[in-house]
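> I am attaching a structure below and will ask some questions about it afterwards.
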Amino acid sequence: MKDLVIDLEAEKAEILKRYRALLRASKSTLQKGDKKMIRKAFEMAVESHKDMRRKSGEPYIYHPIAVAQIAAEEIGLGTTSIVCALLHDVVEDTYVTLEDIEREFGKKVAKIIDGLTKISGVFDTNSSLQAENFRKMLLTLADDVRVILIKLADRLHNMRTMEFMPRDKQLKLSSETVYLYAPLAHRLGLYAIKSELEDLSMKYMERETYQFIKKKLNEKKAERERFIHDFIEPVKAALTSQGLHADIFGRPKSIHSIWNKMKKKAIPFEEVYDLFAIRIILDSTPENEKSDCWKAYSIVTDSYRPNPDRLRDWVSSPKANGYESLHTTVMGPRGQWVEVQIRTKRMNEIAEKGFAAHWKYKESSSDSGLDQWIHKVRELLRNPDSNALDFLDDFKMNLFSDEIFIFTPKGALIQLPSNATALDFAFEIHSDVGASCIGAKVNHKLVPLNYNLQNGDQVEIITSSKQSPKEDWLNFVVTAKAKAKIKSSLKEEKRKIAEDGKEILERKLKSLKITYNSDNIQKLTLFFKLPSSQDLFYRVAKGQIDLQDLKEFHTAERTVENKPQDKIDQEQVQNLMRSVKAKDSDILLIGEDMQKIDYKLATCCNPIPGDDVFGFITVSDGIKIHRTNCPNAAKLMANYGYRIVKARWTTQHELAFLTGLRITGIDDVGLINKLTTVISNDFKVNMRSITVDSDNGIFEGTIMMYVNDTEHLDNLIKRLKQVKGVTGVNRFDSAPAPIEKAS
Ligand code: MN
């Protein structure tokens, strides 16, 4: 940085230029006096950030201006939000206080800035309770959704300008982004931002795959554009002749969604057919919107044959996040399925900008699905004692899922996630109905509680006063609401039983002449390796701990270590952390200190040298090395950032690492023999196991073997592909191992 020559005059001019661009972007929402407010916020931000620079060397003020620009242009927010976006980092990073903000800009702005400052530490590396903090973040959402919208703009700009960050920071920000921010953007209906966040995360987390797909997309660009042109031509002509005005164009799918499809269907890039969708955006009037969309649908399907299974009507029943559109898939001129999305300009604005656009049109849709959703978030957050991590998991699932529509016996419409069961429906009606539910009638037929509801089902719930929530209900309900209610009711039940157990234990200890005091209860809890004294009482009440066990405790009592378990755990984590950090660098070098530092290669992703990796400190099992694209990585990084250690491979060739290949081909006499010859003779690789499936002449085998590094593996894959009859050789993304536990 010291050699950098900075032209301050030029910078000043650039800052002003960016500020004017921001004003242009917010023009449509500006009212009298707004410009003055924005100017004041801009000046305060410039002044308070004046000595700060970003990692790239640029003046810091570029960042808040850019965040404000995203808020105005891409989310469609108004003056208050623009002011808040400009000031979003001042209270946290400069001498400006919240009181200053309130004095200058009023209560509303101060409140939003306060929310933004509070959640800025959500993913601090030092914070061990990211999940709890995320919950706090959602609380502010229930307060004023603009806090989250500005936070999303902030995150988007940071992701867009991440190339100057150190690699570990990039990985951490990327995992949080796919884990939480992208689903949030999705739920708020910000499709464009959601896709960009996912693509940017993938760019850093799966560098090679990202570049590969990007290159492939570019290679076929001209061909694709010609196809789109030919496809659109007749539709355009027909729309015009029927008096409909429309914009019609091809929209490429995001790299991340293409990659998802490849993984989900296990197909190569070449077999992903829907690399783009055709979008028809109609000029319409409020009273003609619906009929115009269907008119356009009829025109499209006059030219191309539709797939009847792929019609989606979100015009009649919009999604919970406000999305409205008519989707169909038709057979294109070259025998290829093409998705067509039909919507009006208003619907399109809501689809792109989500929530804020919704407000703009609010007068026409005051009872929107989104309002209902925010109402639901509020309701959920009111439940104070659900475990923060569980809550996060349940909540996240609800963020992602698509919804179905279910009718009550009286014909009212209830929205549920697409995999919801009859019991979820019962809890959605009322928590008491859920708690006493014994069965349901779906379309007048009796079904069990775990029945999977289908779109359009009519459901009647059967209850009994004798019923109470059961532990196994948690295995099939999916809504966060039902889960939270069941958990809290089970907890209450357990608490009652534990109270009885406490009395029983008191009597039993008395008969053994052991004093009943908190110290002894603590020791007993530890002795039976239970998480809390409540669990101890509960087990006593359930008869799972008897007098004999207590006697054993009596004799062994002196040997029990007098330290609570979680304290020991934390110390262990910290000691390990220190032993790693005490090295010359804070990067864990894998391969050389194999003996000195206790680490293992995670079985969920089987890393081998050459893979991008990181270390994760576990309590009982030392340091685990994971691939950065391990299916568990995002969750670990997002929730336990403080336990992540940077890690890198050192060059060495004497060690061998377990990895797996999946080989497909045409079954031919001697194919296995040919494969194993290449593996063990030509490449001198040790195999641990081979499983082969042969079905109607199609061969599918998995081979687990020990290789040195990715280069070694890549060469082997190349050679195996050359074997006659082999059609595909792929490294497993992960072995079918159980999900890694965080402890
Ligand atoms: Mn910021």
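The values are calculated or read from the model by the stated rules, or taken from the named source; none is laboratory data. All of these numbers come straight from a predicted model, not from anything done at the bench. Virtual Cβ from ideal backbone geometry, glycine too; neighbours counted across all protein chains shown. Remember, those area values only see protein heavy atoms, side chains included, never the ligands or the DNA or RNA. Shrake-Rupley method; radii C 1.70, N 1.55, O 1.52, S 1.80 Å.
> Using a probe radius of 1.4 Å on heavy atoms only, what accessible surface per residue do you get for region 657-732? Whole Å² is fine.
55 Å²
> Return the subset of Lys290/Lys345; Lys172/Lys264; Lys220/Lys261; Lys261/Lys600; Lys510/Lys551; Lys169/Lys265 for which the Cα-Cα distance in this structure is over 21 Å, preserving the input order.
Pairs exceeding the cut-off: Lys172/Lys264; Lys261/Lys600; Lys169/Lys265.
> What is the sum of charges around Met44, taking Lys and Arg as +1, Asp and Glu as -1, for the other residues whose C-beta is under 9 Å from the C-beta of Met44?
-3
> Any chance you could get the radius of gyration and Dmax over the Cα atoms of region 657-732, in Å?
Over region 657-732's Cα set, Rg and Dmax evaluate to 11.4, 35 Å.
> Express the carbon and sulfur contribution to the solvent-accessible surface of region 219-297 as a percent, rounded to the nearest whole number, probe 1.4 angstrom.
52 percent
> With a 10 Å radius around each residue's Cβ, average the other Cβ atoms per peptide and rank 56-62, 420-426, highest first.
Ranking the peptides 56-62, 420-426 by packing returns 420-426, 56-62.
> Less than 14 Å Cβ to Cβ from Ala422, Lys/Arg counted +1 and Asp/Glu -1: what total charge do the surrounding residues give?
Residues close to Ala422 contribute a combined charge of -2.
> Sorted by packing (mean other beta-carbon atoms within 10 Å per residue), highest first, where do 188-196, 462-470 land?
Put in order of decreasing packing, that is 188-196, 462-470.
> Now a separate question. Quick one: which of 178-185, 273-280 comes out on top by average Cβ neighbours within 10 Å, and what's the full order, highest first?
178-185, 273-280
> Sticking with this structure for a sec: Which of rounded, prolate, oblate describes region 405-473, given a ≥ b ≥ c as roots of the alpha-carbon gyration tensor eigenvalues and a/c under 1.5 marking rounded, otherwise prolate only if a/b is larger than b/c?
Values: a/c = 1.63, a/b = 1.49, b/c = 1.09.
The shape class here is prolate.
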